[in-house]
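Nothing in this text is a laboratory measurement; each read-out follows from the coordinates by a stated rule. Everything quoted here is computed from the prediction, not taken from an experiment. We place every Cβ from the backbone using ideal geometry, glycine too, and count neighbours over all the protein chains shown.
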Amino acid sequence: MQERIWVFIGAVVLVLFTVLVTAYLVHRREEKRMGEFQDIILKKQREEVQNIYQTMRGWRHDYHNHMQIIKAYLDRNQVRETLDYLEHLEEDLDSIDIAIRTGNVSVDAILSSKVSIASKRKIEVNYKAVVPKELQVSDVHLCAIIGNLLDNAIEACEKVEESKRFIRVYLGVFKGQLYISVTNATNATRRRKLYELITEKQGEHGLGLKRIDRIAASYDGYVNRKNEPGVFATEVLLPL
């Protein structure tokens, strides 16, 4: 009888050990996947920002050539040609300038990059963003949240007909907390449960949702997702 008890105890211990090892391995695998995902996102964001700055440096490099052309037009009293050339330069510069000024250089860069991408994909973007100087959240984590939110918003808008594409971004202080809101058009025709949204977002974007949730949780923050037919919104609150 005693021998059976020990055998039973041994079996229970073995099962518990197996469960614990399996849980540990699954956790490590998930951490590895998340780490690889973060590396991919950060690499993509760096490339986007670097592309903006490289284009700006190229424009500045050509500055003297532009001035010579303008002087040549003026020497010949070709005012119309001068104005046309200046208008062309203004349009060219507007397309690459980091025009968003939030008070945070990193957020300026990531927002400018994403807004530029959205514009090229015929998505109307309205934004209001002011970042306080003192933040509890790191710039890396803040940009990861904003980048993932806008990547998902852009992806959703691409599935909507051009005339109905829009993204609204708000970033500021609300009730003593950093408040981030991104609202975008979707092709959804009905309200969906949260688990449906998570299930639908597989691969990179599914990991993006988890990344946002984990960062917010690490700062004791809050994430709220809302959806109505044709519209999807995410709100993130982070302590200051």
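Loop-only GluC sites (Glu not before Pro) in the range 101-165, please: DSSP not H, G, I, E or B, and at most 15 other Cβ atoms within 10 Å. Counting only loop positions with at most 15 other Cβ atoms within 10 Å, the GluC sites (Glu not before Pro) in the range 101-165 are E134, E158, E161. Between the beta carbons of T189 and E124, assuming R0 = 22 Å, the FRET efficiency works out to 0.55 to the nearest 0.05. Using a cut-off of 30 Å between Cα atoms, the listed pairs K71/K120; K114/K210; K133/K164; K120/K175 include K71/K120; K133/K164; K120/K175 as exceeding that distance. Distance between the pseudo-spin-label points of I70 and E161 (7 Å out from Cα toward the beta carbon): 4.3 nm. Each of the peptides 142-150, 225-233 was scored by the mean count of other Cβ atoms within 10 Å over its residues; in descending order, highest first, they stand as 142-150, 225-233.
In order along the range 214-225, the Karplus-derived 3J(HN,Hα) couplings, from 6.51 cos²θ - 1.76 cosθ + 1.60 at θ = phi - 60°, round to 5, 5, 4, 5, 5, 9, 6, x, 9, 10, 10, 10 Hz, and Gly and Pro are given as x. Around the amide H of F166, modelled in the peptide plane, lie the amide H atoms of E124, A185, all under 5 Å away and 5 or more residues distant in sequence or on another chain. Only the Cβ atoms of Lys and Arg (+1) and of Asp and Glu (-1) were treated as charged; on that basis the dipole of the range 98-239 about its Cα centre amounts to roughly 320 debye. Ordering N184, H141, V107 by the projection of their Cα atoms onto the charge dipole of the range 98-239, which places +1 on the Cβ of Lys and Arg and -1 on the Cβ of Asp and Glu, puts N184 at the extreme positive end. Sites listed here are trypsin sites (Lys or Arg not before Pro) in the range 115-180 whose DSSP assignment is loop and whose Cβ has at most 10 other Cβ atoms within 10 Å: K133, K175.
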